[in-house]
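The values are calculated or read from the model by the stated rules, or taken from the named source; none is laboratory data. Here the structure is a predicted model, which is why all the values come from computation and not from measurement. Glycine gets a Cβ as well: all are built from the backbone with ideal geometry, and neighbour counts include every protein chain shown. For the accessible areas, the whole protein counts, side chains as well, though only heavy atoms, and no ligand, DNA or RNA atoms are used. Shrake-Rupley method; radii C 1.70, N 1.55, O 1.52, S 1.80 Å.
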Amino acid sequence: MIDAAQAAISPFTLGAGGYARSWLSDGLAFLGYPYLAEMAQRAEFRKPCIVITREATREWIKFRYNTDSYSQDERLREEIDGTNAADERVTAIEKEFERLNIRRIVGEQIKQALLYGIGHVFIDVAAQHGDTDTSLPLRVTAQGVKQGSLRGFRTIEPLWATPSVYNAVDPLRDDFFKPQTWYIIGRQVHTDRLIDMVPYEVSDLLKPAFNFGGLSLTQQIRAYVHNFLRTRNSVSNITSNFSKLVLLTDMAGNMQSAVGSGDSYPGMPFSDVERDSVVGRANLMQAVSEGQDTIIADKNAEDVRVVSTPLGGLNDLQASAMEAMASIPGIPLVKLFGLQPSGLNASSEGEIRVFYDEISAFQEAHVRPVLEKMFRLVQLHLWGEIDKNLSFEFNPLWQLDEEKLTAVEKMRADIDLVNIQAGKISPEEAREREKHSDTSIYAKVDLNGEAPSQSYLDQNADGFRPQDFIGGSAQNGDPRAE
């Protein structure tokens, strides 16, 4: 009976073991945080995560205040008081973001999410009396977060967080397969007090196995990195051994054993050739060849030749492995490895633009939800309310140089001039466009004053004339002459 049971179980066991090995080798199973942390120590795994993190936070964000919803009374009150609530609030929230170091914290969260599959940010809110009970929910409202109660944000490595309670029964509820609380080194923390980022989610079936995180970028590129490392090592071995010294000798005649012909030493597998003699002769030839000394060989019984391995195509093989490794995160080679494209008129501009589009989509999908919650919390901390007129947007990654910016501004100025002369817009509307343009050369100039008079524009329709300015004062009725 035992033999029969073993015979029946063995095929199943072998099949399951082979499937498990394939499952692990293909990177389908959760590798565990300790192994992912070890992988993060290797540059080939870490560099893609660093590049995406750096690009996603490089140009950062800018805050805007929508004054279009202002009532007439509010505008009149600001004019009388001489204040500008929009600029004051934008300045205040910019300073608070800098004080809380939110840019660095979000960058650290992105890096951990890419390395481990999930990134946690803890919301540190002070309680009114005593220590905060972190197991209680935190409502991002004026009642939940009191003014002046936000102490800051803190990133928590996924290794220290373990899900506690989650709904695995009712898929119609919003919290289905979403932990309600987490244990962080034994301390229970409600999910409302954590801001999570999961760039690459997995199926609900696998979420418990992945600690309710996602598939890390390092695990996704694992097979490609291993292929690249194997190719790199092979190319290195071929390069270091591309040239071989070959000794053609009469082994039977010159290196035979001391016994009679046809006999051999007991236990020698080389017939009548003495192994030590052959190895010694080879070592001698290798030593003198590496030292570039004179090689002496028997004229009649020996010959020396150098056999070289062709090295052509090795760089293509290594480049293909590098391209395959960079294809998963979608990072151009010039960004990941610093390799410029070769060839006539070769350029990485198109690839970089596509990469910036990918980063922009990543910002909107994964970074914006994190920042929106922080944005509301900071407003409640500063003013005890959420200002509906305040918003933020990501700065574009692709930036024009000064020469191109000037050309664009010149083109816009020509279009404004044509539209003003055609009566489509007024000079005040053109100035308003300049005022709100981030790329305008007058972005930091106060354009709230009175525009030049129409008579001045009519007299100078042909353009600016330096002779109209004498001693730094404008002529022909320019109101700025005063």
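Residues Val225, Val235: which one is open to solvent by less than 70 Å² (accessible area, probe 1.4 Å), more than 30 Å from Ala287 (Cβ to Cβ) and either modelled with pLDDT of 95 or more or in a helix (DSSP H, G or I) (or both)?
Among Val225, Val235, only Val225 is open to solvent by less than 70 Å² (accessible area, probe 1.4 Å), more than 30 Å from Ala287 (Cβ to Cβ) and either modelled with pLDDT of 95 or more or in a helix (DSSP H, G or I) (or both).
This table checks each residue for (1) of a type outside the set (Asp, Glu); (2) at pLDDT below 90.
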position	(1), (2)
Gly312	yes, yes
Ser342	yes, yes
Asn345	yes, yes
Glu351	no, yes
Phe355	yes, no
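Any residue at all in segment 389-399 that's open to solvent by 70 Å² or more (accessible area, probe 1.4 Å), more than 30 Å from Glu201 (Cα to Cα) and at pLDDT below 85?
Taking every residue of segment 389-399 in turn, at least one turns out to be open to solvent by 70 Å² or more (accessible area, probe 1.4 Å), more than 30 Å from Glu201 (Cα to Cα) and at pLDDT below 85.
Which one is farthest from Val225 (Cα to Cα), of the residues in segment 42-56 that are in a helix (DSSP H, G or I) and open to solvent by 20 Å² or more (accessible area, probe 1.4 Å)?
Among residues in segment 42-56 that are in a helix (DSSP H, G or I) and open to solvent by 20 Å² or more (accessible area, probe 1.4 Å), the one farthest from Val225 (Cα to Cα) is Arg54.
Considering only segment 420-436, I want to know if a residue exists there that is in a loop (DSSP other than H, G, I, E, B) and in contact with a Pro (Cβ under 6 Å, 6 or more places away or on another chain).
No, segment 420-436 has no match at all.
If Thr162 satisfies all but one of (1) open to solvent by 30 Å² or more (accessible area, probe 1.4 Å); (2) farther than 27 Å from Gln220 by Cα; (3) of a type in the set (S, T, N, Q), what's the number of the condition it fails?
(2)
Among the candidates Ala113, Ala86, which residue alone is modelled with pLDDT under 85, open to solvent by less than 20 Å² (accessible area, probe 1.4 Å) and either under 19 Å from the mean Cα position of the chain (by Cα) or aliphatic (A, V, I, L, M) (or both)?
Ala86
Output the number of the condition that Pro266 fails; it satisfies all remaining conditions of (1) surrounded by fewer than 12 Cβ atoms within 10 Å (Cβ to Cβ); (2) modelled with pLDDT of 75 or more; (3) more than 22 Å from Asn315 (Cβ to Cβ).
Unmet condition: (2).
Out of the residues in segment 165-182 that are surrounded by 14 or more Cβ atoms within 10 Å (Cβ to Cβ) and part of a loop (DSSP other than H, G, I, E, B), state the one that is farthest from the chain's Cα centre (by Cα).
Going through the qualifying residues, I end up with Phe177.
Would you be able to tell me the number of residues in segment 84-107 that are free of Cβ contacts under 8 Å to residues at least 24 places away in the same chain, under 19 Å from Arg368 (Cα atoms) and among the basic types (Lys, Arg)?
Summing the residues that are free of Cβ contacts under 8 Å to residues at least 24 places away in the same chain, under 19 Å from Arg368 (Cα atoms) and among the basic types (Lys, Arg) in segment 84-107 gives 1.
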